[in-house]
Amino acid sequence: EAAVTQSPRNKVTVTGGNVTLSCRQTNSHNYMYWYRQDTGHGLRLIHYSYGAGNLQIGDVPDGYKATRTTQEDFFLLLELASPSQTSLYFCASSEADWASYEQYFGPGTRLTVL
Amino acid sequence: GDSVTQTEGLVTLTEGLPVMLNCTYQSTYSPFLFWYVQHLNEAPKLLLKSFTDNKRPEHQGFHATLHKSSSSFHLQKSSAQLSDSALYYCAPTHTGYQNFYFGKGTSLTVIP
């Protein structure tokens, strides 16, 4: 089964702070994704990537940067954190197989911006 | 663009009663439909996905039928169990498109 890990699992920062969320997948999946989950909004796509060095913009990218350094590692950067970015963040990965399309999610990172 | 509408908000059912969570979609292309389930304090995971040959997918007692004429992929189960309490997401995608558009989710609570 696909394995996706995230760190840290919990993070508290202050407004204006700098935060990096990390994600690693060990199944050689091509695609990786960052989502935020908020009550009433469901899962919303922030950024995604289809390989090392690639970055695609999702549906709610404002205030977020991302970088895919290797096949395994995908980072989400909040350079000036705001309280509106308090959320539960999930990373996911998938094969580039149109007939499959299953996404495997990590355990999530809960971020609180004070 | 693509969009999806689910049964909104909270659904509370008594154990043993049938489950039906609605999902309708709008897509320019012929989509694949997925249901993901997320239990409390866990990550979302795949529950069901539609087949290209119109077979009805089933898993853990849940099933869903893709009706292209009504653009629907409702999730059903004949008898709810306490362990079915979770957040359920419907998500359409289509060939050549790597992203899902997740609906807002339906929270199902099954009570004794």
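None of the figures in this text is laboratory data; all of them are computed from the coordinates on show. The shown structure was predicted, so the numbers you read here are calculated from the model rather than taken from an experiment. All Cβ positions, glycine included, derive from the backbone under ideal geometry; neighbour counts span all protein chains shown.
General remarks:
- Long-range tail of P(r) for the range A:1-57 (Cα pairs > 15 Å, %): 63 percent
- Signed unit charges on C-beta, dipole axis of the protein assembly as shown, positive-most listed residue A:Ser94, B:His63, A:Met32: A:Met32
- Each Cα pair under 8 Å and six or more residues apart adds its sequence gap; the mean of these over the residue count of chain A is a relative contact order of 35 percent.
- Taking θ as phi - 60° and the Karplus parameters 6.51, -1.76 and 1.60, the scalar couplings of the range A:28-36 work out to 6, 6, 6, 9, 9, 9, 10, 10, 10 Hz in sequence order, x denoting glycine and proline.
- Computed from phi, the 3J(HN,Hα) profile of the range B:34-45 under the Karplus parametrisation 6.51, -1.76, 1.60 (θ = phi - 60°) reads 10, 10, 10, 10, 10, 7, 3, 6, 10, 7, x, 8 Hz, with x in place of Gly and Pro.
- Residue among A:Thr67, A:Thr39, A:Thr26 with the largest mean-square fluctuation in a Gaussian network model of chain A, springs linking Cα atoms under 10 Å: A:Thr39
- Lysines whose Cα lies under 22 Å from that of B:Lys68, excluding same-chain neighbours fewer than 8 positions away: B:Lys49, B:Lys55, B:Lys77, B:Lys104
- Shielding by other protein chains, A:102-113, mean Cβ within 10 Å: 3
- A simple rule links phi to the HN-Hα coupling: the Karplus curve 6.51 cos²θ - 1.76 cosθ + 1.60 with θ = phi - 60°, which for the range A:59-67 gives 8, 10, x, 4, x, 10, 10, 9, 8 Hz, with x for Gly and Pro.
- For A:Val12, the amide hydrogen comes within under 5 Å of the amide hydrogens of A:Thr112, counting only partners 5 or more places away or on other chains and with H modelled in the peptide plane.
- With Rh defined as the Kirkwood radius, the inverse of the mean 1/r over Cα pairs, the Rg/Rh of chain A is 0.95.
- Proximity of backbone amide H atoms, modeled 1.01 Å from N, is registered between A:His47 and A:Trp34, A:Gly58 at under 5 Å, excluding neighbours fewer than 5 places apart on the same chain.
- Cut-off under 5 Å, modelled amide H: who pairs with B:Leu47 long-range: B:Trp35, B:Tyr36, B:Val37
- Per principal axis, descending, Cα span of the range B:3-111 in whole Å: 40, 26, 20
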